[in-house]
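What follows is a single structure, written as structure tokens, with notes after it.
The values are calculated or read from the model by the stated rules, or taken from the named source; none is laboratory data. Everything quoted here is computed from the prediction, not taken from an experiment. Reconstructed Cβ throughout: ideal geometry from the backbone, glycine too, with neighbour counts over all protein chains shown.
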């Protein structure tokens, strides 16, 4: 082998030794600027602001919409023996009472409505807010379907509803009727049996087409409201409803992404000075879909991790708490 070839082999061997020396330490190089796994990167501070619980619903003009009337208090339900009328009353009609500690509280359907059905058995134990009767509004109304995520934001008292008919009149105030809760199929009480005819007298004929009207149809979650008389309505016309259920001033809020849970109780991760997380319980209030009110659990000067903590997953075959949303 000549001297030139030996020189080239020597260079290659030396280069290989250098390369092996670089990787033989067993220590991986740390990427500059990369935080350790589990380190909190994004945080927020609670702030204070005015908050309005406001959502938009898509509805339609409907003839004779059905809505539900709820029990005003806990107690025993006792229906009034009243047959449905074919015409709407010009005044509220007493249809049931809720007895609580020996005191009755009336349940009435509003004027311009007729009884559509009983939703529970007579003498049932009920809780406040439970639908007990259904009524049918006589005339045009506006009905908007509600999904379960929206239902908890509307579950409180509806403060105001404003409607805008697509390519039509508006905006206008829309008066909410009854509850948003889904209604089961209602039942109509049987009419009292006719008095027996005197001996030898012919029985009175039963008039045709004058039987009691059918009970209410089962519904999903719905908001039903009525427009002012001067607003021209066309059956089936599309309507956008702007619903406000509550307002609060100068309340403590966090972005919804920082909170686990959206109704009642939730959890947040508080970040300490050493950048570690501590999960704490908080009481939640209003939300506008972007921020949520923190009623209890924080002072207001904490640093909060984003995103919020994960809620525990239910074991196979088990169902988590009703209404819990992560």
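Within segment 280-300, the set of residues being within 17 Å of the chain's Cα centre (by Cα), free of Cβ contacts under 8 Å to residues at least 60 places away in the same chain and exposed (fewer than 15 other Cβ atoms within 10 Å of the Cβ) comprises 290 only. Residue 257 - would you say it is surrounded by fewer than 19 Cβ atoms within 10 Å (Cβ to Cβ), out of contact with any strand residue (DSSP E or B) (no Cβ under 7 Å at 6 or more places or on another chain), closer than 21 Å to residue 51 by Cα and modelled with pLDDT of 90 or more? Criteria met by residue 257. For segment 52-84, the candidate set comprises residues that are more than 18 Å from residue 177 (Cβ to Cβ) and more than 30 Å from the chain's Cα centre (by Cα); within that set, the residue that is surrounded by the most Cβ atoms within 10 Å (Cβ to Cβ) is 80. Just to be sure, is residue 272 touching a residue at least 60 places away in the same chain (Cβ under 8 Å) and surrounded by fewer than 15 Cβ atoms within 10 Å (Cβ to Cβ)? In short, no. Determine if segment 91-101 includes at least one residue that is surrounded by 13 or more Cβ atoms within 10 Å (Cβ to Cβ), within 27 Å of residue 292 (Cβ to Cβ) and in contact (Cβ under 8 Å) with a residue 12 or more places away in the chain. Scanning segment 91-101, I find no residue that is surrounded by 13 or more Cβ atoms within 10 Å (Cβ to Cβ), within 27 Å of residue 292 (Cβ to Cβ) and in contact (Cβ under 8 Å) with a residue 12 or more places away in the chain, so the answer is no. Restricted to segment 224-254, and to residues there that are at pLDDT 95 or above and either closer than 20 Å to residue 182 by Cα or touching a helix residue (DSSP H, G or I) at 6+ places or on another chain (Cβ under 9 Å) (or both), the residue that is surrounded by the most Cβ atoms within 10 Å (Cβ to Cβ) is 225. Within segment 244-257, residues that are free of Cβ contacts under 8 Å to residues at least 40 places away in the same chain and assigned by TED's automatic domain parsing to the domain that holds residue 286 have Cβ atoms under 9 Å from residues that are surrounded by 15 or more Cβ atoms within 10 Å (Cβ to Cβ) and in a strand (DSSP E or B) in these pairs: 256/287; 256/291; 256/292, counting only partners at least 6 apart in sequence or on another chain.
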